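The values are calculated or read from the model by the stated rules, or taken from the named source; none is laboratory data. Because the structure is a prediction, the values reported are computed rather than measured. Glycine gets a Cβ as well: all are built from the backbone with ideal geometry, and neighbour counts include every protein chain shown.
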Amino acid sequence: MGRKPYSKSTMSTISSLTSAQLIKAAKIKEQIAKLEKQLNALLGASVPVAEAPKPAKKKGKMSAAGRARIAAAQKARWAKIKAAKKSAK
């Protein structure tokens, strides 16, 4: 079955548990594994219990016209700044 590895926060939590708590956690994990096995038997196939990760969203691509408009606006801003510096001298 697809088990997820423990995260750092889980590992630090585990290390702070008492031995009685660790034993109880181990028993609970065994019960979960047993229940997952029973569920898979009922469903008739090895159905993954955990959801599959969702694909990452695709980034939108900017059109050439959009890039051209942004470049023109930036050039206009710089031209305005340069003109202001020349007139200040």
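What to note about this one:
- Only one of the listed residues (K59, K37, K80) is out of contact with any strand residue (DSSP E or B) (no Cβ under 7 Å at 6 or more places or on another chain) and at pLDDT 90 or above. That residue is K80.
- Scanning region 61-71 for residues that are more than 32 Å from the chain's Cα centre (by Cα) and surrounded by 10 or more Cβ atoms within 10 Å (Cβ to Cβ) returns A68, R69, A71.
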